[in-house]
Structure formats: structure tokens, C-alpha cells
Amino acid sequence: MAVTKLRVVRWAVACAALAGHCILVPAGVALAQQESLLDQAERLADRGAVREARQALVRWESDFGGSAPLEQRARAWFLAGRLAEDGEQAELSYLRVIIEGSTTPYADDALLRLAQYKYAEDEFAKVVEYLGRLRRDYPTSEHGPEALLWISRAARQMGDTHRACAAAEQGLAELTPGDTLLEQSFREEQSRCGAAERTYTVQVAAFRDEGAAQSLARELLVAGYDAWVIAGDGDDPIYRVRVGRGLLEAEAQSLAERLVGEGYSPFLVSQPERIGG
């Protein structure tokens with residue numbers, strides 16, 4: 001047969017102990033074999049066949065783990081995280097993707113899954129840290145809106161209502177139209193923000209003499225109260241002594257009752273509103 005064209009291909013060498021010779025395998029074929037085995041592991045994992053998926057991943061590691069391209073290794077680490085028998089093993093696998101495979105398509109997904117694991121472990125500050133990194137380092141990630149959902153949930157658990165509500169609001173703004181499930185989750189988070197809730201402080205006394213006001217404030221501070229003086233001005237030369245800042249009405253009422261028991265005549269004063277939740 002006449003050869004009309006000589007084609008140069010790149011070869012990869014895979015040595016095997018067969019009569020002392022090496023088997024030459026085209027590089028494209030070797031890569032296809034790697035991807036095929038990882039595809040198999042992923043399909044098994046998706047079907048819930050965890051044991052078989054782990055076996056496929058072990059075969060891949062044995063045959064290709066030492067020489068595979070970074071993207072394939074990152075994919076294998078990510079699958080190892082999905083298939084891990086416990087949280088610590090999953091965390092190590094996802095961290096490897098995040099650190100060693102930060103430039104691969106699996107890094108943002110690994111950050112999301114690691115944050116979800118940390119949420120289950122009540123490590124809410126880590127959730128915010130990892131997902132903040134996801135949004136900062138991978139601004140075009142498809143997981144950006146979902147990251148905001150988990151940031152909102154974690155912030156609420158930490159008592160940071162402002163951040164929780166802001167994340168929920170931003171997440172709704174970034175949602176892809178038609179993502180009804182994620183939208184419903186954001187709506188649930190947003191509904192917990194509620195309306196603005198009024199807060200209070202407690203006024204203990206008022207004086208025209210600044211020295212008397214400062215003296216009472218020091219007395220209250222020594223007694224363990226968060227006391228301060230609101231200075232008067234030219235139109236209102238009164239110095240007001242107050243305790244407590246940003247209290248909910250029930251908290252302020254309880255504080256006032258305690259002060260009454262100590263001989264003072266306090267009353268509640270409304271402050272600017274804050275976001276409730």
C-alpha cells in the first residue's frame with residue numbers, strides 16, 4: 001500500500017515487563033484511558049455505587065496518578081473528596097484541589113463543598129472565609145450565587161444579621177432566571193431578616209450641671225453598667241446620663257427594672273433602627 005502522507009504524532013512511552021521491551025502508547029490514547037477511568041468513577045459516584053467508584057479511582061491512581069496532567073489529578077482529588085468515608089478525609093482532598101489545583105475547573109466546586117462541610121461542623125467563620133475566597137478568586141464561577149446563600153446562613157448563625165441579609169439580597173440580584181429552587185432558598189433567608197426593629201437605651205437621670213452628670217456616670221460604670229453622658233448644647237443645656245446601647249425593648253425594660261431596684265428612676269429612650277432577625 002502506498003503511503004501518501006507521513007503524519008508525525010507525539011508518543012508517550014509506557015514500559016511493561018514484556019520480554020524486556022517497552023510498549024509505545026500514543027499520548028492521546030493514554031490521556032483518553034485516564035479520562036475514561038475517571039468518567040467511570042464519576043458515573044458510579046453519581047449512581048450511588050460508592051464502593052465501585054472508589055475501586056475505579058484506586059485503579060486510576062495506580063495506573064496514572066504519578067504522571068497525569070494537573071487538571072486530571074485535580075479531578076481525581078475532587079472525586080476522592082466526594083467518595084471519602086469521613087469528613088476529615090474529604091476535607092484533605094478538597095484542600096488539595098484548592099491549593100495544588102487552584103487553576104483547574106474543580107477549585108471553586110471544592111471550595112463550595114468544603115464550606116458546606118464546615119457548616120455541618122458549626123465552623124461558620126470558615127464557611128464565610130472559604131466562600132469569600134470563592135467569590136473573590138473565581139468571580140465568574142457558576143457557584144457564586146449559591147456561595148452567597150451559604151454565607152447568609154453562616155452569618156446568621158454567627159449573629160451577624162446585617163451580613164446575612166445583605167448576602168441574601170445580593171444573591172437574589174445575581175440569580176440566573178429560572179433557578180427557582182435557589183430563589184426559594186434566598187426568599188426564606190430574606191424573610192428571616194424581617195422589618196427594621198427599633199432599639200433602645202435607658203436614661204437614668206438628667207442634669208444642668210455637667211460635673212454632676214459625669215459623677216453619676218462614673219458611679220454607674222463602677223457598678224458595672226455601660227454608662228455615658230450625652231452632652232447638652234446651647235439650645236438644650238441638659239446633660240443626660242444613659243446606660244445600655246442598641247437594646248431590644250425587652251432587654252431595655254429588664255435593665256430599667258434592675259435600675260429601679262437600685263433606687264434610680266430610669267425610662268426607655270428609642271434609638272435609630274437596626275435590622276432585626
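The values are calculated or read from the model by the stated rules, or taken from the named source; none is laboratory data. Predicted model, so just to flag it, every value in this text is computed and none were measured. No Cβ is skipped: glycine too gets one built from the backbone with ideal geometry, and neighbour counts run over all protein chains shown.
Out of segment 176-200, which residues are modelled with pLDDT under 90 and surrounded by 19 or more Cβ atoms within 10 Å (Cβ to Cβ)?
C193, T199, Y200
Checking R96 against (1) under 26 Å from L175 (Cα atoms); (2) over 14 Å from the mean Cα position of the chain (by Cα); (3) not assigned by TED's automatic domain parsing to the domain that holds A49, which test does it fail?
Only one criterion in (1) under 26 Å from L175 (Cα atoms); (2) over 14 Å from the mean Cα position of the chain (by Cα); (3) not assigned by TED's automatic domain parsing to the domain that holds A49 is unmet by R96, namely (1).
Filter segment 52-93 down to the residues that are closer than 14 Å to E42 by Cβ and polar (S, T, N, Q), then identify the one that is farthest from the chain's Cα centre (by Cα).
Only one residue tops the list, namely Q55.
Kindly provide the set of residues from segment 44-97 that are without any contact (Cβ under 8 Å) to a residue 24 or more places away in the chain and buried (at least 18 other Cβ atoms within 10 Å of the Cβ), ordered by number.
L44, A56, A80, A84, S93, Y94, R96, V97
Give, as residue ranges, the helices (runs of 4 or more DSSP H) completely inside segment 36-143 that count at least 1 residues that are touching a Phe, Trp or Tyr at 6+ places or on another chain (Cβ under 8 Å) and of a type outside the set (K, R).
Those helices (runs of 4 or more DSSP H) span 70-83, 87-100, 107-120, 124-137.
Return the pairs, sorted by first residue and then second, in which the second residue is surrounded by fewer than 18 Cβ atoms within 10 Å (Cβ to Cβ), the first residue lies in segment 165-180 and is among the aliphatic types (A, V, I, L, M), the beta carbons are less than 6 Å apart, and the residues are 6+ apart or on different chains.
From residues that are among the aliphatic types (A, V, I, L, M), the pairs are A168/Q190; L175/E183.
Can you name the condition, by its number, that F78 falls short on among (1) of a type outside the set (D, E); (2) over 19 Å from E52 (Cα atoms); (3) at pLDDT 95 or above; (4) assigned by TED's automatic domain parsing to the domain that holds D46?
Answer for F78: the failing condition is (2).
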